[in-house]
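Presented below is the structure to which this report refers.
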Amino acid sequence: MAASVTSRALSLLAAFDEHHRRLTLTELARHAELPLPTAHRLVGELVAWGALARTPSGEYVVGRRLWDLGLLAPVQTGLRQLASPYLHDLYGATLATVHLAVRDGTEVLYLDRLSGHASVPVVSSIGSRLPMHATGVGKVLLAHAPADVQQAVLADLPRVTAYTITQPGTLRRQLARVLRDDYATTVEEMSLGGCSVAVPIRRGDDVVAALGMVLPSLGRERPRLVGALQVASRGIGRALSASGSE
């Protein structure tokens, strides 16, 4: 019985994602495939515990207590904390939006973000997931991903903007350049008016994350930005190796 209650509660929490941040009780019940009275009872318990919160309009959102627990995950306490000083240095030097990201399956998971001063449309947020083929950090991680992950991504390349790369052959050539040049770029592929540049973060020989920036344009600043990112990524990699963090 306990396992059944737990699985039902988890199915309610699993209804939330990047595109469903606010849900009504009816929507929660439908997503979790639960009778409305059962969903009402479990949602009430989740609200009381702090896993969910009810908005003034009557919708439900993820509660602060789940966020607090998420910050205890090793990927957060290790990589995110070690990388934080380098992200702040990059932000201070460029005033650009700075990203720290890892691969989660066939998507990019954003662990940290510092918002830049420039008026650039940025769709990422801490904890969000975005397509690998349309983001700078995603292309870096995809270039170093296992073959089965690359095949899965290349088999489904949805168009986000008019400039998103949706041809597998074109993307393969870009990934080859990422491996050759050790950095990736995008030009309005995730959001119009936003360009990105990103580099890998290595622990030893393994690429474990990506570090990137989003700006209105790259232009002549590209070599300087790539250099700054690579210095920061090497620093993060050394810190990871010294600490033994995941």
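The values are calculated or read from the model by the stated rules, or taken from the named source; none is laboratory data. These numbers were taken from a predicted model, which means no experiment stands behind them. Virtual Cβ from ideal backbone geometry, glycine too; neighbours counted across all protein chains shown. Surface accessibility is based on the protein's heavy atoms, side chains included, excluding ligands, DNA and RNA. Shrake-Rupley method; radii C 1.70, N 1.55, O 1.52, S 1.80 Å.
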Open item on the list: Name the residue that is nearest to the chain's Cα centre (by Cα), counting only residues in the range 139-176 that are among the small types (Gly, Ala, Ser) and more than 15 Å from Val207 (Cα to Cα).
Closed with: Ala152
Task: Among the candidates Arg222, Arg234, Arg202, residue that is over 18 Å from Asp104 (Cβ atoms), touching a strand residue (DSSP E or B) at 6+ places or on another chain (Cβ under 9 Å) and not in a helix (DSSP H, G or I) - done: Arg202
Open item on the list: Take the conditions open to solvent by less than 80 Å² (accessible area, probe 1.4 Å) and more than 26 Å from Ser243 (Cα to Cα) and apply them to Ala152. Does it pass?
Closed with: yes
Task: Residue satisfying all of: in the range 200-246; open to solvent by less than 30 Å² (accessible area, probe 1.4 Å) and polar (S, T, N, Q); farthest from Arg80 (Cα to Cα) among these - done: Ser233
- [ ] For the range 1-35, enumerate the residues that are among the small types (Gly, Ala, Ser), assigned to a helix (DSSP H, G or I) and either crowded, with 16+ Cβ neighbours inside 10 Å or touching a residue at least 60 places away in the same chain (Cβ under 8 Å) (or both).
- [x] Ala9, Ser11, Ala29, Ala32
Open item on the list: I need a count of the residues in the range 212-246 that are at pLDDT 90 or above, farther than 21 Å from Gly194 by Cα and touching a Gly at 6+ places or on another chain (Cβ under 9 Å).
Closed with: 1
Task: The one condition in (1) within 29 Å of Tyr110 (Cα to Cα); (2) open to solvent by 30 Å² or more (accessible area, probe 1.4 Å); (3) at pLDDT below 90; (4) not small (Gly, Ala, Ser) that Leu79 fails to fulfil - done: (2)
Task: Residue in the range 181-211 that is modelled with the lowest pLDDT, counting only those that are acidic (Asp, Glu) and on the phi > 0 side of the Ramachandran plot - done: Glu188
- [ ] Could you list, in sequence order, all residues of the range 36-51 that are in a helix (DSSP H, G or I) and open to solvent by less than 60 Å² (accessible area, probe 1.4 Å)?
- [x] Thr38, Ala39, Leu42, Val43, Gly44, Leu46, Val47
Task: Selection status of Thr170, at pLDDT 90 or above and in a loop (DSSP other than H, G, I, E, B) - done: no
- [ ] Give the residue, chosen from Val140, Val178, Val199, that is under 18 Å from Leu229 (Cα atoms) and in contact (Cβ under 8 Å) with a residue 60 or more places away in the chain.
- [x] Val140
Task: Hey, Leu69 open to solvent by 50 Å² or more (accessible area, probe 1.4 Å), within 22 Å of the chain's Cα centre (by Cα) and free of Cβ contacts under 8 Å to residues at least 24 places away in the same chain or not - done: yes
Task: His88 vs. criteria open to solvent by 50 Å² or more (accessible area, probe 1.4 Å), without any contact (Cβ under 8 Å) to a residue 40 or more places away in the chain, more than 24 Å from Arg113 (Cα to Cα) and assigned to a helix (DSSP H, G or I) - done: no
